[in-house]
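Okay, so here's the structure we're looking at.
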Amino acid sequence: PGINEISDKYATLLTPASYAFSIWSLVYLLIIVFTVYQARDIIKPSKKNDLPLKMGPFFVIANICNGIWTFTFVKEYVGFSVFVLLLLTMSLYILLYKLKIATFDASKSTIAFIWWPLLIYTGWVSVAVVVNIASWLASLGVAITPVIACSVLVILTLVLLGLLISRNVRELVFDSAWGIAAIGVQQMSSSQTVASTAFALSSVLVVAALMHAFSNRKTNPFLNHKN
């Protein structure tokens with residue numbers, strides 16, 4: 001069975017539509033891009049590239065956890081998969097802070113090959129960890145009510161808006177909005193309240209990220225051609 005099949009088996013009011021899991025293809029592609037970009041100095045070492053030193057072990061830990069999580073979740077060790085995914089999520093957020101991602105004016109290559117991979121990776125995982133915890137509770141027989149589901153989505157959205165304001169993480173917010181909208185799609189036949197809440201919150205996130213991008217357009221190297 002695949003990830004979406006197990007997710008459906010332990011479905012809750014926070015389970016997204018199956019198409020949402022296709023984002024993993026993009027995440028894995030970006031991980032490869034990030035890794036190849038970091039390996040560019042193997043042939044010609046550069047003292048200017050101190051990123052590997054700044055990252056420490058956290059990128060490696062995140063990817064090891066990714067592989068372990070896939071195995072444990074598919075094998076239905078749902079409780080242990082929650083622990084692994086929490087460790088993965090923590091590692092990614094530590095990287096965002098250690099590398100000061102999206103907090104300074106950077107070159108196009110830095111944004112495209114370092115910032116975007118980590119932001120999109122973290123954005124999806126931020127939603128996935130919530131879904132995973134809900135699936136674990138379902139496996140224990142704990143019901144997720146519409147009130148609980150909506151409350152969790154509101155809290156997640158507020159956290160994401162806080163990160164957008166304080167850390168400029170637009171791509172992370174866009175990616176999380178994708179996951180939240182997919183929850184809305186899945187829950188249209190189960191709970192109109194949850195579905196409507198998910199659609200409204202994902203729209204708020206997209207609009208907020210677009211407004212943030214517009215207000216910061218003068219420092220965007222893809223628009224001002226300075227980098």
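Things to note:
- When residues of the range 57-112 are limited to those that are among the small types (G, A, S) and within 20 Å of W24 (Cα to Cα), the one most open to solvent (accessible area, probe 1.4 Å): G67
- Any pair with Cβ under 6 angstrom, 6 or more apart, that starts in the range 39-55 at a residue that is open to solvent by less than 100 Å² (accessible area, probe 1.4 Å) and ends at one that is in a helix (DSSP H, G or I) and at pLDDT 75 or above: K54/K98
- Criterion: of a type outside the set (A, V, I, L, M), touching an Asp or Glu at 6+ places or on another chain (Cβ under 8 Å) and assigned to a helix (DSSP H, G or I) - qualifying residue of W124, W178: W124
- The residues listed here are Y93, Y97, Y121; of these, the one that is over 13 Å from the mean Cα position of the chain (by Cα) and under 15 Å from F59 (Cα atoms) is Y97.
- Breaking point among (1) open to solvent by 40 Å² or more (accessible area, probe 1.4 Å); (2) over 23 Å from V131 (Cβ atoms), for Y28: (2)
- Among (1) out of contact with any Phe, Trp or Tyr (no Cβ under 9 Å at 6 or more places or on another chain); (2) open to solvent by 20 Å² or more (accessible area, probe 1.4 Å); (3) over 22 Å from V82 (Cβ atoms) - the single one V185 does not satisfy: (1)
- Subset of the range 192-227 [of a type outside the set (A, V, I, L, M, F, W, C), over 17 Å from I165 (Cα atoms) and at pLDDT 95 or above]: Q192, T193, S196, T197
- Within the range 160-173, the set of residues being closer than 16 Å to I120 by Cα and open to solvent by 20 Å² or more (accessible area, probe 1.4 Å) comprises L161, L163, R167, N168, R170, E171.
- Hits in the range 127-152 (condition: part of a helix (DSSP H, G or I) and either in contact with a Gly (Cβ under 9 Å, 6 or more places away or on another chain) or of a type in the set (S, T, Y) (or both)): V127, A128, V130, V131, S135, W136, S139, S151
The values are calculated or read from the model by the stated rules, or taken from the named source; none is laboratory data. Since we're looking at a predicted model, the values are computed, not measured. FYI the Cβ positions are ideal-geometry reconstructions off the backbone, even for glycines, and counts take in every protein chain you see. Just the protein is used for accessible areas: all its heavy atoms, side chains included, with ligands, DNA and RNA removed. Shrake-Rupley method; radii C 1.70, N 1.55, O 1.52, S 1.80 Å.
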